[in-house]
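> Here it is, the structure, as structure tokens.
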Amino acid sequence: MAEIQGKYNIKAVSKLIGVQPGTLRAWERRYQIISPKRNEAGYRLYTEDHVKMLKWLVNKVNQGISISQAIKLLDEFELNNDDYFEERSDLNRLEIISDQLLQTLTHFNERNAREILHHAYSLYSLDQVLVDVLGRGLLNVRSQCENNILLSEQEQFASTFIRSQISAALYTLPVNSIFPKVISVCGPEEIDESELLSFTLFLKRSGYDVVYVGSSIPTDNISIILEKTCPSFVFLSCTLQKNVSQTLKLAQNLNEKYRDLSVGIRGQAVEYLLQEKNEHRHLILGKTKYEWQNWLQLYQKQL
């Protein structure tokens, strides 16, 4: 298997996981959780595995666990879970496919990109390809563009291709005509669409008519989309702690402006709200498909 190379600098990782660079350096120095290689200029370069591990740790910290306890849990999970390394192996292969796809798209080679995707679908499920290949691809495009690794023309070509593939894949799933229309969109400042994609797949498999909007949508434009589509539900995703207040504010504003609209939020950054008695708890969808189904049934009765 090809070696996974580091490709994110510490600034990019900080944005992806919502932790300040100084905190990341302190974690590395104190707990030796990861050892990112450095480039010729001496800057840290983080891999996809590093980012996934750090996101897992941040999620635990957001749930109220100390970083030292979270690291201990991670060590125990790696040692005791027989499926852990097999799962990581699959994820590594999906990462390689995603990286190959992005590299091909940055060379404007649509034909080879389609062949890579065809090969991915022959090996993995629709859910895995959408979330771990296409969803991760979108995130990498955005990150590399923000770090001036890609030209704007490369970013536009790659993003357009990936989004068209996501739309085409979601379109293949049938819609139940008695189910209401739904909008799926990332919260303000969110760039990681993986959790939104997995929830959208759940909605599509349940028969909902979903308009998948994704990320990079100005907040003001969401109202325009709502007025043109007239959905019954809007679902927001929030994966970074720093974006929680903005996402909650958007949800409240939409509820106040559109009285017949039900708004829900999912994502690792808001799951802690389920454990507290607060005014926002009713907005949170939960972590599992069972919780999602219960939320939908509750609010669908109110339509």
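> Long-range amide H contacts for VAL211: which residues qualify at under 5 Å (H placed 1.01 Å from N, peptide plane, sequence gap of 5 or more or a different chain)?
Amide H to amide H, under 5 Å and 5 or more residues apart or across chains, VAL211 pairs with VAL182, ILE183, SER184.
> Continuing with the same structure: From the cross-link list LYS228/LYS257; LYS55/LYS289; LYS7/LYS249; LYS72/LYS249; LYS11/LYS37; LYS204/LYS287, which pairs have alpha carbons spaced over 26 Å apart?
Flagged as over cut-off: LYS7/LYS249; LYS72/LYS249.
> Also, I was wondering about something else. Taking θ as phi - 60°, what are the ³J(HN,Hα) couplings along the range 144-159 by the Karplus curve (6.51, -1.76, 1.60), each to the nearest whole Hz, with x for Gly and Pro?
Here the 3J(HN,Hα) series is 5, 5, 5, 9, 6, 8, 10, 6, 4, 5, 5, 4, 5, 5, 5, 5 Hz.
> State, to one decimal in nm, how far the label point of CYS230 lies from the label point of ASP260, with both points 7 Å from Cα in the Cβ direction.
0.7
> At a 10 Å Cβ-Cβ cut-off, how would you order LEU123, LEU285, fewest neighbours first?
By the 10 Å Cβ count, ascending, the order reads LEU123, LEU285.
> Enter the mean projected area of the convex hull around the alpha-carbon atoms of the chain, in nm², rounded to one decimal.
Averaging across all directions leaves 16.8 nm² for the Cα convex hull.
> Let me ask another. Indicate the gyration tensor shape class of the range 123-251 (rounded, prolate or oblate), computed on the Cα atoms with a ≥ b ≥ c the square roots of the eigenvalues: a/c under 1.5 is rounded; otherwise a/b larger than b/c is prolate and the rest oblate.
Verdict is oblate for the range 123-251.
> Now for a separate question. Return the sequence-ordered ³J(HN,Hα) values of the range 226-242 in whole Hz as given by the Karplus equation 6.51 cos²θ - 1.76 cosθ + 1.60 applied to θ = phi - 60°, using x for Gly and Pro.
Once rounded to whole Hz, the list reads 5, 5, 7, 9, 6, x, 8, 10, 10, 10, 10, 10, 9, 9, 10, 4, 5.
> Please list the non-local residues whose amide H lies under 5 Å from the amide H of ILE284, H modeled 1.01 Å from N, same-chain partners needing a gap of 5 or more.
Result for ILE284 returns ILE265.
> With an 8 Å Cα cut-off and a minimum separation of 6 or more residues, compute the relative contact order for the range 174-300 in percent.
25
> Taking amide H atoms as placed 1.01 Å from N in the peptide plane, list the residues 5 or more away in sequence, or in a different chain, whose amide H sits under 5 Å from that of ASN109.
none
> For the chain, build the charge dipole from Cβ charges (+1 Lys, Arg; -1 Asp, Glu) around the Cα centre, then report which of ALA169, VAL61, TYR212 sits farthest towards its positive end.
VAL61
> Kindly write out, for the range 111-123 in residue order, the coupling ³J(HN,Hα) from the Karplus curve 6.51 cos²θ - 1.76 cosθ + 1.60 (θ = phi - 60°), rounded to whole Hz, with x marking Gly and Pro.
Calculated HN-Hα couplings, in order: 4, 5, 4, 5, 5, 5, 5, 4, 5, 4, 5, 6, 9 Hz.
> In addition: Between GLN20 and LYS181, what length comes free when the chain is fully extended (0.36 nm per residue of separation minus the Cα-Cα distance, one decimal in nm)?
54.1 nm
> Give the shape of the range 186-303 as rounded, prolate or oblate, defined through the alpha-carbon gyration tensor: a ≥ b ≥ c are the square roots of its eigenvalues, a/c under 1.5 means rounded, and otherwise the shape is prolate if a/b is larger than b/c and oblate if not.
Note, shape of the range 186-303 comes out rounded.
> For a protection proxy built on the mean count of beta-carbon atoms within 10 angstrom, sort 111-122, 195-206 highest first, please.
Going by the mean number of other Cβ atoms within 10 Å, highest first, we get 195-206, 111-122.
Rule-based calculations on the coordinates, nothing more; no lab input. Keep in mind that this is a model prediction, so the values were computed, not measured. Cβ coordinates were reconstructed from backbone atoms using ideal geometry, including for glycine residues, and neighbour counts include every protein chain displayed.
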